[in-house]
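Here the structure comes first, spelled out in structure tokens, and everything after it is commentary.
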């Protein structure tokens with residue numbers, strides 16, 4: 001019995017992506033502008049990694065009474081404390097800000113909380129980050145993202161042409177801005193895991209973009225008289241089954257991690273799920289259309305000259 005290969009879509013699709021890209025540019029431009037405004041006026045819900053402070057994860061014997069725990073910690077004079085369930089009703093995450101007096105004061109605050117909560121509490125993790133360290137982590141995180149995008153610019157420039165490089169970088173900036181906008185809208189905690197997720201999104205989106213660019217370059221050499229918009233549509237349609245199959249299998253793995261992986265990695269996997277979606281979209285509707293905006297005059301002129309030369313032959 002012969003088995004047919006799994007195909008999410010047919011191999012011979014003829015979708016006019018470049019016609020749809022005008023609408024995609026408009027929507028993406030609005031979303032990127034909204035993300036920038038949200039970042040400026042709302043800001044990120046930065047975690048302890050970037051603003052300093054202490055995070056204590058505890059497990060109680062009975063379902064936790066958040067109000068009671070908040071009252072006990074509020075009497076200690078440690079400043080505003082944030083308490084929330086962390087997974088099961090028995091797990092609670094406690095956050096307090098940076099204490100004056102350095103690391104010694106932070107450790108003393110932890111001991112005060114332990115004494116106030118009393119027995120019957122399992123302390124699963126205690127994370128203390130000073131203001132100096134948090135500042136350095138924030139600076140290094142920004143440098144990591146900027147440096148990764150700059151390296152992409154150089155890599156694509158050498159491998160393809162400058163038009164391809166500009167399209168790839170614009171696509172990556174689009175993905176990063178929309179991810180930051182998502183964090184602002186949902187109020188998700190932005191920490192070092194979020195930086196790691198963004199860098200992973202950059203790598204995933206770049207892989208998708210390079211696959212499409214490789215096919216476009218291949219067809220540019222093969223079909224020299226085809227208009228650039230038609231050639232890009234043809235190229236994207238030819239790699240679409242592979243692109244979608246890769247995205248779907250990646251999403252299935254990430255969904256399993258998000259559902260069963262626990263609270264510790266839930267933020268990372270959620271960011272990655274979003275990144276796979278926007279990365280696949282931007283490779284098709286952002287990176288590829290840029291080639292038309294930057295190279296249409298040169299490419300269409302070459303097509304016209306080739307057709308004129310063919311018509312002049314006896």
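With r as the distance between the Cβ atoms of residue 40 and residue 75 and R0 = 35 Å, compute the FRET efficiency 1/(1 + (r/R0)^6) and round to 0.05. Kindly include the intermediate steps, with their values, before the conclusion.
Values: r = 37 Å, r/R0 = 1.06.
Once rounded, the FRET efficiency stands at 0.40.
I want to check the label-to-label distance for residue 143 and residue 222. Put each point 7 Å from Cα in the C-beta direction and report it in nm to one decimal.
For the pair residue 143/residue 222, the computed spacing is 4.5 nm.
Neighbour counts of other C-beta atoms within 10 Å: give me 36, 149, 201 arranged from fewest to most. Before the final figure, lay out the partial values.
Details: 36 14, 149 17, 201 22.
The most exposed by this proxy come first: 36, 149, 201.
Return the calculated 222 nm mean residue ellipticity for the chain, to the nearest 500 deg cm²/dmol, obtained by summing -39500 (n - 2.57) across DSSP H runs with n ≥ 4 and dividing by the residue count. Show your work: numbers first, answer last.
Working: 10 runs with 214 residues, N = 314.
Taken over the chain, the calculation gives -23500 deg cm²/dmol.
Expressed in nm to one decimal, what extension gain is obtained for the pair residue 111 and residue 155 from 0.36 nm per residue of sequence separation less their Cα-Cα distance? Working shown, then result.
Numbers: separation 44, 0.36 × 44 = 15.84 nm, distance 5.09 nm.
Length gained between residue 111 and residue 155: 10.8 nm.
How far apart, in nm, are the 7 Å Cα→Cβ label points at residue 65 and residue 214?
Distance between label points: 6.2 nm.
Percent relative contact order of the chain, based on C-alpha pairs within less than 8 angstrom and at least six residues apart? Please report the intermediate quantities before stating the final value.
On the way: 412 pairs, mean separation 78.5, N = 314.
That works out to 25 percent.
Take the alpha carbon atoms of the stretch 7-81, find their center, do the same for the stretch 156-205, and report the distance between the two centers in whole angstrom.
Cα centroid of the stretch 7-81 versus Cα centroid of the stretch 156-205: 15 Å apart.
Specify the angular offset, from 0 to 90 degrees and rounded to the nearest 10, of the alpha carbon long axis of helix 288-312 from the longest principal axis of the alpha carbons in the chain.
Around 10 degrees separate the two axes.
Once you've got the GNM for the chain with C-alpha springs shorter than 10 Å, pick whichever of 47, 141, 262 has the biggest mean-square fluctuation.
Its mean-square fluctuation being the largest, the pick is 262.
Kindly put 148, 235, 119 in sequence by how many other C-beta atoms sit within 10 Å of each C-beta, fewest to most.
With the fewest neighbours first, 148, 235, 119 line up as 119, 148, 235.
Arrange the following residues from fewest to most other Cβ atoms within 10 Å of their Cβ: 96, 15.
On the way: 96 24, 15 13.
Ordered from fewest to most neighbouring Cβ atoms within 10 Å, 96, 15 come out as 15, 96.
Using only the alpha-carbon atoms, how far is helix 17-41 inclined from the longest principal axis of the chain? Give it as 0 to 90 degrees, nearest 10.
30
FYI, it's all coordinate maths here, none of it is from the lab. From a predicted model like this one, the values you see are computed outputs, not experimental measurements. Neighbour counts are summed over all protein chains in view; Cβ atoms, including those assigned to glycine, are modelled from backbone coordinates with ideal geometry.
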